[in-house]
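Engineer: This structure is in structure tokens; I'll ask about it shortly.
The values are calculated or read from the model by the stated rules, or taken from the named source; none is laboratory data. Please read these numbers as outputs of a predicted model, since none were measured by experiment. Cβ sites come from the backbone with ideal geometry, for glycine too, and all protein chains shown count toward neighbours. Surface accessibility is based on the protein's heavy atoms, side chains included, excluding ligands, DNA and RNA. Shrake-Rupley method; radii C 1.70, N 1.55, O 1.52, S 1.80 Å.
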Amino acid sequence: MNTMKTLKIFGLVALIMISSSCERPPIHVEPEFISYNLYLSFQDISGNDLVKGIEFNDSSGSVKDSLYTLDIIVSEPCWNWDNDIYNAPARPGFEPDVNRPTFGLSRFNGYSYLTNQFGLPVNDCPEQKILTYKLKCPYLFGDDAVHELVTYWDISKDKRNPSAKCYRIDFEDNEITPAPMDNYEYNYTAAIILE
């Protein structure tokens, strides 16, 4: 009996020592970026999925770079995004080409979506109310022209999740109202109808 009691006391002392010597994780970590997450479905006027069948890289889940060019213009330039090169500017130890905007590929509600998660630092860049997406993609459009989508964003005042909410997209004289993706409040989906 005494051995059992001694083991319990020893175990309790060891537990107290271990728990008091460990650093506790911070309760709240400030986010570093504001996220602008957009999921775009391209359809013809009959509702046919025009993204379906586009080639993508199995390993990364992104659309093959050779099939499109995506440039993003920020409305309020800052040190971390250069509208002339559509990329974060070069600085020591950083190659800007690795940070060009890309499209991922996702399926949602029976359609294929080109997905883009764009982010800028919370503390070093102003909130972007307008982002312009310049897209050249012969697979979708059937031409080599650059097509512009002008997107409008509200920034959440929630300091724990400062993700942006897309509330409007202008595309070729059409105004589109995006919707939040089910269960993902800060991923916005929109159907772009090509005639």
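Engineer: Hey, Gly110 hits all of (1) at pLDDT 95 or above; (2) more than 26 Å from Glu32 (Cα to Cα); (3) open to solvent by 50 Å² or more (accessible area, probe 1.4 Å); (4) not basic (Lys, Arg) but one; which does it fall short on?
Structural biologist: It fails just one condition, (1).
Engineer: Would you check which residues across the stretch 27-56 are of a type outside the set (D, E, K, R), over 18 Å from the mean Cα position of the chain (by Cα), modelled with pLDDT of 50 or more and assigned to a loop (DSSP other than H, G, I, E, B) and list them?
Structural biologist: Val29, Ile45, Ser46, Gly47, Asn48, Leu50, Val51, Gly53, Ile54 - these are the residues of the stretch 27-56 that are of a type outside the set (D, E, K, R), over 18 Å from the mean Cα position of the chain (by Cα), modelled with pLDDT of 50 or more and assigned to a loop (DSSP other than H, G, I, E, B).
Engineer: Still on this structure, I have one more. Can you confirm whether the stretch 114-135 contains a residue that is of a type in the set (Val, Ile, Thr), under 24 Å from Ala190 (Cα atoms) and modelled with pLDDT under 95?
Structural biologist: Looking through the stretch 114-135, none of the residues is of a type in the set (Val, Ile, Thr), under 24 Å from Ala190 (Cα atoms) and modelled with pLDDT under 95.
Engineer: Right, something else. Select, from Asp173, Asp124, the only residue that is among the acidic types (Asp, Glu) and without any contact (Cβ under 8 Å) to a residue 12 or more places away in the chain.
Structural biologist: The match here is Asp173.
Engineer: Phe94 fails exactly one of the following numbered conditions: (1) under 15 Å from Ile34 (Cβ atoms); (2) surrounded by fewer than 15 Cβ atoms within 10 Å (Cβ to Cβ). What is the number of that condition?
Structural biologist: Tallying (1) under 15 Å from Ile34 (Cβ atoms); (2) surrounded by fewer than 15 Cβ atoms within 10 Å (Cβ to Cβ), Phe94 fails exactly one: (1).
Engineer: As an exercise: evaluate Tyr139 against (1) free of Cβ contacts under 8 Å to residues at least 60 places away in the same chain; (2) open to solvent by 80 Å² or more (accessible area, probe 1.4 Å) and give the number of the one condition it does not meet.
Structural biologist: (1)
Engineer: Quick test of your reading of the structure: Thr102 fulfils all but one of (1) in a strand (DSSP E or B); (2) in contact with a Leu (Cβ under 8 Å, 6 or more places away or on another chain); (3) under 17 Å from Val51 (Cα atoms). Name the failing condition by number.
Structural biologist: Failed condition: (1).
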